[in-house]
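Chemist: Please read through the structure below; I'll follow up with questions.
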Amino acid sequence: MSFKRHVYAVQRYVEFTQAKYAPLLKSNVPTHPICCFGNPAQARVITIGVNPSVGEFDDHRWAAEAMPHNALAERCRTYFAAGAPAAPHSFFTPWREALACLDVTYEAGQAVHLDLSPRATRYIRELRDAFEKELFLEMVQRDLWTFFGTLDLCSDARLILIAGSVTGKYYINEFLQRFAPDHGWALAGAFDRRQHTGPGTTTRHELQNSNRDLPVFFCSCGPAAANPALLTTRICDNAPALIELLEQ
């Protein structure tokens, strides 16, 4: 499937299912489903988060009116390009600093950012009760096909960097271990959070399907955490091994 056709499929899917997740959305903030930030066809490194920041739309980086799928695909693909309508969101600053340790940049097209869900909701810390947190988890689980559809388009990817959690119930690596098999993928490599209790804990995995085997580096501290510098520190500390994986 081409990137534009994938964006169209995601856009239509979100349009038809958005009402169910209305309690999670920020009122009076028009949003668009975002499959990726950057060019998936070119990137060698993939950074992964949970879902796009609603700050993307609070700060008017995207058109307020409905976007045709061709325009939305182009905006996603050229998000980090010179001449883009707005500078990248500050969310990407820790990721950019971490990627610099690998001599990789979003701006050069060497990296792309994907989220498990394409929907920009209220911040996870703002979810008010158990109902909203469970609804958020359901949303990410049901939206996961959009993530794997975009991942399929990352044909040159050699390394995946994952950071953060999907509410307090799962780290992102735990979430993928639980739900990736529903989409023909598996995140191999044992992970027991009882053995990973320190700040910015890290581990290695392999994200696999019948055709691909991608090395994964996970950090429990994401770019939106209280101390986002830990993400950069952990990746830079492991840079020699990660660069070796990238060059294989």
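Chemist: Computed from these coordinates, which is Cα extents along the principal axes in Å: (i) 85, 73, 35; (ii) 53, 39, 35; (iii) 45, 42, 36?
Modeler: Calculated Cα extents along the principal axes in Å: the matching label is (iii).
Chemist: Considering only the other residues whose Cβ falls under 10 Å of the Cβ of Ala73, what net charge follows from Lys and Arg at +1 and Asp and Glu at -1? Show your work: numbers first, answer last.
Modeler: Working: positive: Lys4, Arg5, Arg75, Arg77; negative: Glu74.
That works out to +3.
Chemist: Near Ala87, within a Cβ-to-Cβ distance under 12 Å, what is the net charge of the other residues, with Lys and Arg +1 and Asp and Glu -1?
Modeler: Working: positive: Arg61, Arg96; negative: Glu56, Asp59, Glu107.
That works out to -1.
Chemist: At most 13 other Cβ atoms within 10 Å and a DSSP loop assignment: could you name the chymotrypsin sites (Phe, Trp or Tyr not before Pro) in the stretch 83-137 that fit?
Modeler: On the way: sites: Phe91, Phe92, Trp95, Tyr106, Tyr123, Phe131, Phe136; in loops: Tyr106, Tyr123.
Filter output for the stretch 83-137: Tyr123.
Chemist: Set the Förster distance to 25 Å, then compute FRET efficiency between Asp237 and Gln195 from the Cβ-Cβ distance, nearest 0.05. Walk me through the intermediate numbers first.
Modeler: Values: r = 19 Å, r/R0 = 0.75.
It comes out at approximately 0.85.
Chemist: In deg cm²/dmol, rounded to 500, what helix-only [θ] at 222 nm does the chain give when every DSSP H run of at least 4 residues adds -39500 (n - 2.57) and the total is split over its residues?
Modeler: Working: 8 runs with 85 residues, N = 248.
Rounded to the nearest 500, the figure is -10500 deg cm²/dmol.
Chemist: Right, another one. Among residues other than Asn39 whose Cβ falls under 13 Å from its Cβ, what is the net charge (Lys/Arg +1, Asp/Glu -1)?
Modeler: Numbers: positive: Lys4, Arg44, Arg75, Arg77; negative: Glu74, Glu107, Asp156.
Summing Lys/Arg as +1 and Asp/Glu as -1 gives +1.
Chemist: Report the Cα centroid-to-centroid distance between the stretch 1-59 and the stretch 154-175 in angstrom, as an integer.
Modeler: What the calculation gives is 16 Å, centre to centre.
Chemist: Divide, for the stretch 152-194, the radius of gyration over alpha carbons by 2.2 N^0.38 Å, where N is the residue count. Each step should come with its number before you reach the end.
Modeler: Values: Rg = 11.7 Å, N = 43, 2.2 N^0.38 = 9.2 Å.
The stretch 152-194 yields a ratio of 1.27.
Chemist: Among the lysines in the stretch 3-247, how many pairs, 8 or more places apart or on different chains, have alpha carbons under 25 Å apart? Before the final figure, lay out the partial values.
Modeler: Working: Lys20/Lys133; Lys20/Lys169; Lys26/Lys133; Lys26/Lys169; Lys133/Lys169.
The number of close lysine pairs in the stretch 3-247 is 5.
Chemist: How far apart, in nm, are the 7 Å Cα→Cβ label points at Ala84 and Gln248?
Modeler: 3.0
Chemist: Suppose the chain between Gln42 and Thr167 were pulled fully straight at 0.36 nm per residue; how much longer would it get relative to their current alpha carbon spacing?
Modeler: Values: separation 125, 0.36 × 125 = 45.00 nm, distance 3.09 nm.
Extra length from Gln42 to Thr167 when fully extended: 41.9 nm.
Chemist: Given R₀ = 25 Å, what would the calculated FRET efficiency be for Lys26 paired with Glu107, taking r from the Cβ atoms and rounding to 0.05?
Modeler: Values: r = 29 Å, r/R0 = 1.14.
The calculated FRET efficiency here is 0.30.
Coordinate-derived values only; no laboratory data. These numbers were taken from a predicted model, which means no experiment stands behind them. Counting neighbours? That spans all protein chains shown, and the Cβs are built from the backbone with ideal geometry, glycine included.
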